[in-house]
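> The structure follows.
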């Protein structure tokens, strides 16, 4: 019969203890928007290390509210303002790429929508399957932009009278 050796000290090896799940529906400490959880690679891409050390990677979120000045925050209400990020991020900065992997700007999507040219969106969908598409890292919210690009295109399709961001 197999017997386990007696335990000494009473502490369990941390390798067998499951890390707690991050809290769901964390809200931005500034605007109360529900945050989008991001990983450490996303934070490293967008937040300088001097500011990143204040956030808990396993509980970090991106604030999706375009009008809020908070870029990232964590479960402990620590936050990093958008002006501390490496560069502007969409939707906080409407001139920043909506697609961080291939530098596609929202104004380009809007322009294509207004002239009825879906080729740019189709090409982006095709390219999103390529190795260069590392959305979980390059996108500020750690997600693929395809859904947002498609919504933006459909919202502005065949509306030549509406002014677009960036003056296009």
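Rule-based calculations on the coordinates, nothing more; no lab input. Remember, predicted model here, so these are calculated numbers, not experimental data. With ideal geometry, Cβ positions are generated from the backbone for all residues, glycine too; neighbour counts draw on all protein chains shown.
> Hey, could you grab the Kirkwood Rh for segment 25-86? Inverse mean 1/r over distinct alpha carbon pairs, Å, one decimal. Mind showing how you got there, number by number?
Values: mean 1/r = 0.0906 Å⁻¹.
For segment 25-86, the Kirkwood estimate is 11.0 Å.
> Would you mind calculating the gained length between residue 32 and residue 77 on full extension (0.36 nm times residue separation, minus the Cα-Cα distance), in nm to one decimal? Each step should come with its number before you reach the end.
Working: separation 45, 0.36 × 45 = 16.20 nm, distance 1.10 nm.
Full extension of this stretch gives 15.1 nm more.
> Could you give the distance between the Cα centres of segment 66-111 and segment 25-53, to the whole Å?
A separation of 11 Å, based on Cα centres.
> Gain in length, residue 57 to residue 102, computed as 0.36 nm per residue apart minus the alpha-carbon separation, to one decimal in nm? Kindly include the intermediate steps, with their values, before the conclusion.
Working: separation 45, 0.36 × 45 = 16.20 nm, distance 2.56 nm.
Here the segment from residue 57 to residue 102 would lengthen by 13.6 nm.
> If you rank 138, 143 by fewest surrounding Cβ atoms within 10 Å, what's the result? Walk me through the intermediate numbers first.
Numbers: 138 20, 143 17.
Result, fewest neighbours first: 143, 138.
> What's the exposure ranking of 38, 137, going from fewest to most Cβ atoms within 10 Å? Walk me through the numbers on the way to the answer.
Details: 38 25, 137 17.
By the 10 Å Cβ count, ascending: 137, 38.
> Follow-up. Between residue 24 and residue 69, what is 0.36 nm times their sequence separation minus the Cα-Cα distance? Round to one decimal in nm. Show your work: numbers first, answer last.
Numbers: separation 45, 0.36 × 45 = 16.20 nm, distance 2.18 nm.
Going from the current span to full extension adds 14.0 nm.
> Efficiency by 1/(1 + (r/R0)^6): what FRET value for residue 49 and residue 129, r their Cβ-Cβ distance, R0 = 22 Å, to the nearest 0.05? Walk me through the numbers on the way to the answer.
Details: r = 32 Å, r/R0 = 1.44.
Computed FRET efficiency for residue 49 and residue 129 comes out at 0.10.
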